[in-house]
Amino acid sequence: MYRTNEKTWAQFEPVRRQRGHGRGGHGRREFGGPPWGGPPPWVAQMFGPQWGGQPGGRGSRRARVRRGDVRGAILDVLATATEPLNGYQVIQQIAERSNGAWKPSPGSVYPTVAQLVDEGLVEDAPTGRKTLQLTETGRAYVAEHAEELAAIWATFDEEGPEDAADFRQVIQQTVAAIVQIASTGTPAQRDRAVEILAETRRKLYGLLAEGPDAAEEER
């Protein structure tokens, strides 16, 4: 565990506050509102809802989940699974299939599973480990509604960049380095870290100012 104190973190406050141009400023629009609508949902998962919008608001794909999608997602996940799954694994698979944008709560998944069992579409697998599998009727249902079930995942694929996982990993690694420097670095190292972060921020905004065409030309 890294040990920190308020004085250490205060050194990074000028960089952090650039996103809001001071307390009570209007600069927060850069990270949640107009003009660009907010970051993808995994940003909120990493740093908190203030960075990615409230669930169902701008910048969150969670609002695209429709009534009945939990039911369809459970059926599709079980249909594509190579072995029976328990409830937790079903939830994890849904999160993975949606690129981390949607992770339904147990409170919505387990009652839906119970309903699917009552309808004869899902059954307990004979593993003795409280796992689930589709019945023959369930597999027939999935085959008949393949296009409808595929549309559930297409909702998330529309906005998700192919390299989102790599981008997320780099951010996580960078944050880990910042935490370590802020926690264990010398005053000189922390001063240099603030300079690097400020310069990086300027370069990133400069990249946005150049527009997408300039970035594509450099590839």
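Overview of values
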quantity: Some residue of the stretch 77-95 being over 20 Å from R66 (Cα atoms), aromatic (F, W, Y) and either touching a strand residue (DSSP E or B) at 6+ places or on another chain (Cβ under 9 Å) or at pLDDT 90 or above (or both); calculated: yes
quantity: Pairs where the first residue, in the stretch 70-87, is more than 13 Å from L132 (Cα to Cα) and in the same structural domain as Q133 (by TED's automatic domain parsing) and the second is among the charged types (D, E, K, R) and in a helix (DSSP H, G or I), C-beta under 7 Å, 6+ apart; calculated: G72/E148
quantity: Filtered residues of the stretch 89-128 (kept if β-branched (V, I, T) and in contact with a helix residue (DSSP H, G or I) (Cβ under 8 Å, 6 or more places away or on another chain)); calculated: V90, I91, I94, V109, T112, V113, V122
quantity: Hey, R129 in contact (Cβ under 8 Å) with a residue 24 or more places away in the chain, surrounded by 13 or more Cβ atoms within 10 Å (Cβ to Cβ) and charged (D, E, K, R) or not; calculated: no
quantity: Subset of the stretch 92-126 (residues that are surrounded by fewer than 18 Cβ atoms within 10 Å (Cβ to Cβ), closer than 21 Å to T82 by Cα and small (G, A, S)); calculated: A95, G120, A125
quantity: So P41, is it farther than 21 Å from A146 by Cβ, touching a helix residue (DSSP H, G or I) at 6+ places or on another chain (Cβ under 6 Å) and modelled with pLDDT of 55 or more; calculated: yes
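The values are calculated or read from the model by the stated rules, or taken from the named source; none is laboratory data. Keep in mind that what you see is a predicted model, and the values were worked out from it rather than measured. A quick note on method: Cβ atoms are made from the backbone with ideal geometry, for glycine too, and the neighbour counts reach across all protein chains shown.
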